[in-house]
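The values are calculated or read from the model by the stated rules, or taken from the named source; none is laboratory data. Note that this is a predicted model, so its numbers are computed, not measured. Virtual Cβ from ideal backbone geometry, glycine too; neighbours counted across all protein chains shown. In case anyone asks, the SASA skips ligands and DNA or RNA and just uses the protein heavy atoms, side chains included. Shrake-Rupley method; radii C 1.70, N 1.55, O 1.52, S 1.80 Å.
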Amino acid sequence: MTNYQIKGGITGKILRVNLSDGKIWTEDTEKYLDRFLCGRTLASYILLTQMDPKTKWSDPENLLIFSPGIFNGTAVPGASRTSIDSINVFTNGKGSANFGGNVGSELKMAGYDMLIVTGQSEKPVYLWIHDKVEIKDASSVWGQGTLDTDRITRNEIGVTDAEMLCIGPAGENLVKAACIVGNCGKVAGGSGLGCVMGAKRLKAVVVKGNGSVNVAAPKEIFLDALERIMDKFSKHAATKVWQEGTLVEAVELYPEEELNWAVRTIVRNGQDAYWPIEKRKNILKVEKYRKKKWACSSCPFGGLTFNHIDEGKYEGSTGNCFWINSLWWNERLDIDDPQMAMKYHLLLNDLGLDGDNATGVISWLFECFEKGMVSPEDVDGLNLEWGDGDTVFDLARKLAYREGIGDFLADGAVSASRKLGKGSEKFAIHMKGQDSIDPYRVRKGWALAVATSPVGGRHLRGGIGSKELFGPLRFTEAEVGFSVKFDPTKYEYQAECVVWQLLMKEIEDTTGLCMYMGSYDGGPLSPKDYLELINLVTGLDWSMEEMMNFARRGVQLEKAFNTVRTEFTREDDLPNDRFFDEPIKSGPFVGEKLDRDKFNWMLSKYYELLGWDQKSGLQTHSCLESEGLEDIAEIIKKTGRLVEK
């Protein structure tokens, strides 16, 4: 092992807090820098090596790790992302969510590369991290939504410009769809991490930093590089759309707008994958409630929105960050009324519910109602009609508070379908036990990425879409290491692109870079830019190969965490039967469905590229050895799930 000799991008301290006994201490970051930087990759290693594999998500011994990247707190454009990692409440494997805003930068400027929380408080508390670290009584905000929690807590500490993460009622009530919310709208969604915070009785983390983060490169060299980077942003077509454009323009930024909607859509719990254009045009009138723009720390795009409904039955509803995912939730429930669409987004944020997970279990219930498996009496007298936003809002509230039918739904669609029976299991759309709202039938690489995601059915671990914007094809062969022909609707070359995107996300989550800056959605930064910035900030002298090998190591760590904690096999990397058996009913891709043989061929190629056994989907000793992870191979070997070749 070779110590990376990191000279910048880190503060040198990891903050640890035990909520059971109130102990607060620090450890040196340097002890981990022989193979890892900071960010998600280091969090994966700590979770894997410092927790008993038998630990459950609700146990006090479970670790909850908040990890800014090495660029957070510096002037690198778009360095705003923070990862939160723990045990996934749906899968018992890796739980991970990544969000923007300013919390990560504040944590770094407060002097910490990472926050690791363990234990379980006897009463509700929040952490107040500033020139000291305090565990504060949260009784005044326990039971409050995220908006009031943010307001009340800021008033209590008397620091209005502090940054905050908190949970809503859903997290407090241990609803598995619970998320963690920052800036009243920047959501760390998926994996039920809000539920983990609730189990620890940790209502919020509040941070205000007054320091700075050192950069290894001389000031003149670093500023010259930033000037070149910013010049790329100023000349890039997407920048003006993000800064000044509307949601309509952002959607239409993708070529072939009609087909773009078609390949992204999943309607009525996946019964179809096409939404009529008149419904799309109607829901996009939501733009009138997006009142002004704001930006995450150091973001040159500044495309986030403050939202406010100033008319009609939902007048007064307010909050942040209505975005494309919010369109997906409403499409799945067949809600095209723009005011209802905005209200649903804002309500979920305030309740602390992840939109993907909550919409997944709610749409399952709607389909069960449609097919006569449940009656109004079974669902608290509600009449579940697709497109009825008010009924959806009632269900969301019941879910967050575990009231009536909400308690039945609180552990997700898989659990609810097992309790209901009647064949309803078929309509529980999930990956590895976590509710999934993603489209699978048209974009084959997207389907592969979501199905193989180590965190259970989330699309940001390798998701690729249009050939013009997503994935490696926007860059040169020299930048990505291979050259392929690519059509998102075909099976060929998808595995190569998904693996490349998976590795890019590992780098982005280690550095704290927003994916919209580069690899994911047509941003101006290339892998070459990532490499240059890593070397300037840290003082390393990595080659492109070394950067990609580092990313591969992070991917192997997440896979290993799942291997030692779950019984996942190749079968768990296959999408729901619905997408193989039921074709699209309407639109330009009518008749399209996944082909089992071709998907399995694609999956085998994916395993091959990562060095995994193609029959079982498990890691091999040789693949871990080649990544310098012999110690991890020994951990897996004890479970009997390491393939010896």
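Is at least one residue of the range 321-337 in contact with a strand residue (DSSP E or B) (Cβ under 9 Å, 6 or more places away or on another chain), surrounded by 23 or more Cβ atoms within 10 Å (Cβ to Cβ), closer than 29 Å to residue 74 by Cα and not charged (D, E, K, R)?
Checked the range 321-337: at least one residue is in contact with a strand residue (DSSP E or B) (Cβ under 9 Å, 6 or more places away or on another chain), surrounded by 23 or more Cβ atoms within 10 Å (Cβ to Cβ), closer than 29 Å to residue 74 by Cα and not charged (D, E, K, R).
I need the full set of residues from the range 390-445 which are over 24 Å from residue 349 (Cβ atoms), outside any helix (DSSP H, G or I) and of a type in the set (Lys, Arg), in order please.
Result: 422, 432, 441, 443.
Would you be able to tell me the number of residues in the range 259-277 that are more than 24 Å from the chain's Cα centre (by Cα) and at pLDDT 85 or above?
Looking only at that region, the number is 5.
Please state which one of 206, 196 is out of contact with any Cys (no Cβ under 9 Å at 6 or more places or on another chain) and crowded, with 24+ Cβ neighbours inside 10 Å.
Being out of contact with any Cys (no Cβ under 9 Å at 6 or more places or on another chain) and crowded, with 24+ Cβ neighbours inside 10 Å holds for just one of 206, 196, which is 196.
Within the range 157-176, which residues are open to solvent by less than 10 Å² (accessible area, probe 1.4 Å) and more than 21 Å from residue 116 (Cβ to Cβ)?
Correct list: 168, 169, 170, 175.
Among the residues of the range 85-108, write down those that are touching a Lys or Arg at 6+ places or on another chain (Cβ under 8 Å), assigned to a loop (DSSP other than H, G, I, E, B) and open to solvent by 10 Å² or more (accessible area, probe 1.4 Å).
Within the range 85-108, 90, 91, 92 meet the criteria.
Run residue 122 past the list (1) touching a Lys or Arg at 6+ places or on another chain (Cβ under 8 Å); (2) part of a helix (DSSP H, G or I); (3) surrounded by fewer than 24 Cβ atoms within 10 Å (Cβ to Cβ) and report the number of the one that doesn't hold.
Among (1) touching a Lys or Arg at 6+ places or on another chain (Cβ under 8 Å); (2) part of a helix (DSSP H, G or I); (3) surrounded by fewer than 24 Cβ atoms within 10 Å (Cβ to Cβ), residue 122 violates only (2).
Among the numbered criteria (1) closer than 20 Å to residue 19 by Cα; (2) over 23 Å from the mean Cα position of the chain (by Cα); (3) open to solvent by less than 30 Å² (accessible area, probe 1.4 Å); (4) not β-branched (Val, Ile, Thr), which one does residue 111 miss?
Of (1) closer than 20 Å to residue 19 by Cα; (2) over 23 Å from the mean Cα position of the chain (by Cα); (3) open to solvent by less than 30 Å² (accessible area, probe 1.4 Å); (4) not β-branched (Val, Ile, Thr), only one is false for residue 111: (1).
Considering (1) in contact (Cβ under 8 Å) with a residue 12 or more places away in the chain; (2) open to solvent by 50 Å² or more (accessible area, probe 1.4 Å), say which one residue 372 fails and leave the rest.
(1)
List the strands (runs of 3 or more DSSP E) inside the range 155-238, counting only whole elements, that have at least 3 residues being of a type in the set (A, V, I, L, M, F, W, C).
Answer list for the range 155-238: 163-166, 202-207.
Can you tell me which residue in the range 544-589 is farthest from residue 437 (Cα to Cα), limited to those that are open to solvent by less than 50 Å² (accessible area, probe 1.4 Å) and hydroxyl-bearing (Ser, Thr, Tyr)?
563
Given the conditions (1) surrounded by fewer than 24 Cβ atoms within 10 Å (Cβ to Cβ); (2) at pLDDT 80 or above, report the number of the one that residue 469 does not fulfil.
All conditions are met except number (2).
Just a yes or no: is a residue in the range 18-39 within 23 Å of residue 504 (Cα to Cα) and charged (D, E, K, R)?
Scanning the range 18-39, I find at least one residue that is within 23 Å of residue 504 (Cα to Cα) and charged (D, E, K, R), so the answer is yes.
Within the range 509-522, does at least one residue satisfy the condition of being of a type in the set (Val, Ile, Thr), without any contact (Cβ under 8 Å) to a residue 60 or more places away in the chain and either in contact with a Gly (Cβ under 9 Å, 6 or more places away or on another chain) or open to solvent by less than 10 Å² (accessible area, probe 1.4 Å) (or both)?
no
Residues of the range 362-380 being more than 10 Å from residue 269 (Cβ to Cβ) and either of a type outside the set (Phe, Trp, Tyr) or in contact with a strand residue (DSSP E or B) (Cβ under 9 Å, 6 or more places away or on another chain) (or both), which ones?
If the condition is that a residue be more than 10 Å from residue 269 (Cβ to Cβ) and either of a type outside the set (Phe, Trp, Tyr) or in contact with a strand residue (DSSP E or B) (Cβ under 9 Å, 6 or more places away or on another chain) (or both), then 371, 372, 373, 374, 375, 376, 377, 378, 379, 380 are the ones that fit.
For the range 236-257, does any single residue satisfy the condition of being open to solvent by less than 60 Å² (accessible area, probe 1.4 Å), over 16 Å from residue 284 (Cβ atoms) and either touching a helix residue (DSSP H, G or I) at 6+ places or on another chain (Cβ under 6 Å) or modelled with pLDDT of 95 or more (or both)?
Checking the range 236-257: at least one residue is open to solvent by less than 60 Å² (accessible area, probe 1.4 Å), over 16 Å from residue 284 (Cβ atoms) and either touching a helix residue (DSSP H, G or I) at 6+ places or on another chain (Cβ under 6 Å) or modelled with pLDDT of 95 or more (or both).
In the range 627-641, how many are without any contact (Cβ under 8 Å) to a residue 40 or more places away in the chain and either among the aromatic types (Phe, Trp, Tyr) or surrounded by 15 or more Cβ atoms within 10 Å (Cβ to Cβ) (or both)?
Counting residues in the range 627-641 that are without any contact (Cβ under 8 Å) to a residue 40 or more places away in the chain and either among the aromatic types (Phe, Trp, Tyr) or surrounded by 15 or more Cβ atoms within 10 Å (Cβ to Cβ) (or both) gives 1.
May I ask you to verify whether residue 181 is open to solvent by less than 10 Å² (accessible area, probe 1.4 Å), modelled with pLDDT of 95 or more and under 29 Å from residue 566 (Cβ atoms)?
Judged against the criteria, residue 181 is a match.
Out of all the residues in the range 22-49, which are in a loop (DSSP other than H, G, I, E, B) and either open to solvent by less than 20 Å² (accessible area, probe 1.4 Å) or farther than 23 Å from residue 119 by Cβ (or both)?
33, 34, 35, 36, 37, 38
Return only the number of the condition from (1) closer than 27 Å to residue 40 by Cα; (2) without any contact (Cβ under 8 Å) to a residue 12 or more places away in the chain; (3) assigned to a loop (DSSP other than H, G, I, E, B) that residue 134 does not satisfy.
It is condition (3) that residue 134 fails.
Of the numbered conditions (1) open to solvent by less than 20 Å² (accessible area, probe 1.4 Å); (2) closer than 25 Å to residue 452 by Cα; (3) not basic (Lys, Arg), residue 76 satisfies every one except a single condition; which is it?
(2)
Kindly check whether there is at least one residue in the range 281-299 that is over 19 Å from the mean Cα position of the chain (by Cα), of a type in the set (D, E, K, R) and closer than 23 Å to residue 438 by Cα.
yes
Which ones in the range 377-387 are at negative phi and open to solvent by 50 Å² or more (accessible area, probe 1.4 Å)?
377, 378, 383, 385
Quick one: how many residues across the range 590-604 are open to solvent by 30 Å² or more (accessible area, probe 1.4 Å) and within 25 Å of the chain's Cα centre (by Cα)?
Residues that pass the stated criteria total 0.
Quick check on this structure: which one of 65, 70 is part of a loop (DSSP other than H, G, I, E, B) and open to solvent by less than 10 Å² (accessible area, probe 1.4 Å)?
Matching residue, one of 65, 70: 70.
I'd like the full set of residues that are open to solvent by 60 Å² or more (accessible area, probe 1.4 Å) and more than 30 Å from residue 74 (Cα to Cα), limited to the range 278-307.
278, 281, 285, 288
Here is a yes/no grid of residues against (1) in contact with a helix residue (DSSP H, G or I) (Cβ under 8 Å, 6 or more places away or on another chain); (2) open to solvent by 30 Å² or more (accessible area, probe 1.4 Å); (3) more than 17 Å from residue 109 (Cα to Cα):
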position	(1), (2), (3)
5	no, yes, yes
8	yes, no, no
20	no, yes, yes
51	no, no, yes
57	yes, yes, yes
